[in-house]
1. All but one of (1) open to solvent by 40 Å² or more (accessible area, probe 1.4 Å); (2) at pLDDT below 95; (3) in a helix (DSSP H, G or I) hold for residue 85; state the number of the condition that does not hold.
2. Looking at the range 167-190 only, could you name the residues that are closer than 12 Å to residue 35 by Cα, touching a residue at least 60 places away in the same chain (Cβ under 8 Å) and of a type outside the set (Val, Ile, Thr)?
3. Can you tell me which residue within the range 124-155, out of those that are closer than 18 Å to residue 181 by Cβ and among the hydroxyl-bearing types (Ser, Thr, Tyr), is least open to solvent (accessible area, probe 1.4 Å)?
4. Determine, yes or no, whether residue 128 is hydrophobic (A, V, I, L, M, F, W, C) and at pLDDT below 55.
5. I'd like the full set of residues that are farther than 18 Å from residue 103 by Cβ and in contact with a helix residue (DSSP H, G or I) (Cβ under 7 Å, 6 or more places away or on another chain), limited to the range 117-143.
6. Which numbered condition in (1) open to solvent by 10 Å² or more (accessible area, probe 1.4 Å); (2) over 22 Å from residue 8 (Cα atoms) is the only one that residue 72 fails?
7. Before we move on, is residue 78 assigned to a helix (DSSP H, G or I) and crowded, with 20+ Cβ neighbours inside 10 Å?
8. Any idea which of 162, 146 is within 30 Å of residue 24 (Cα to Cα) and of a type in the set (D, E, K, R)?
Amino acid sequence: MDEEEAVRSRFKRVCVFCGSSTGKRECYKDAAIELGQELVSRRLDLVYGGGSIGLMGLVSQAVHDGGGKVLGIIPRPLMGAEITGETVGEERSVTDMHQRKAEMARHSDCFIALPGGYGTLEELLEVIAWSQLGIHDKPVGLLNVDGYYNYLLTFIDKAVDDGFIEPSQRHIIVSATNAKELVEKLEGYVPVHDGAITKASWEVQQQEQQEKQQVGFNVASAAAASATTLQTEIAL
């Protein structure tokens, strides 16, 4: 792609949540490929949950074929179940699902959900909840292919009407029926800072927790070393 043909973007890497199945309708496959091509047209790299089958495989292959970078993050216990055939780009294995989601979020500037099942919904709703709390202010997009997510959006509107979600937080979710429109909406997204905590305070708390865990690890290591030394001395 020529330099002048590329569309400038405020993002560098986009995290895509989607199914490890292709679904029963061709429109889902087409949407995954279209999204991959749209990311390439804007010189955006892909972060996703690893795997080379289903919509996950289609979107990653489309980005790779277009010359984009692909980063797949997958828990080691799932590698045998999800990775079949030839994978593209960089694959990183992590310990579990929690670490997978944290790493995907850390490496991304925004999120997009294609059609998928329980896992896709869980990943989508978690990053929405993080935004609601003020943990991050990255845009969250829903690619509503042929009305696939209509009932989810209706449920969220019902939660707003019944007082479980603030009206301002309804706008955390940006939705569109095609990839081009969705990415354009995400580019113009402006976060509403009314979360329970600020992103800065969350990062400070996370850093403090990591430091405490490291101190605990060091203390435990020192205690283990002392015990080993003592046992050696007794044995001698």
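The values are calculated or read from the model by the stated rules, or taken from the named source; none is laboratory data. These figures come from a predicted structure and were not determined experimentally. When we count neighbours, we look across all protein chains shown, and the Cβ atoms used for this are built from the backbone with ideal geometry, even at glycine. Just so you know, the surface numbers come from the protein's heavy atoms only, side chains and all, with ligands and any DNA or RNA stripped out. Shrake-Rupley method; radii C 1.70, N 1.55, O 1.52, S 1.80 Å.
1. All conditions are met except number (3).
2. Residues satisfying the conditions are 178, 179, 180, 182.
3. 149
4. Considered against the rule, which asks whether it is hydrophobic (A, V, I, L, M, F, W, C) and at pLDDT below 55, residue 128 comes out as no.
5. 132, 134, 137, 139, 141, 143
6. (1)
7. It is false that residue 78 is assigned to a helix (DSSP H, G or I) and crowded, with 20+ Cβ neighbours inside 10 Å.
8. 146
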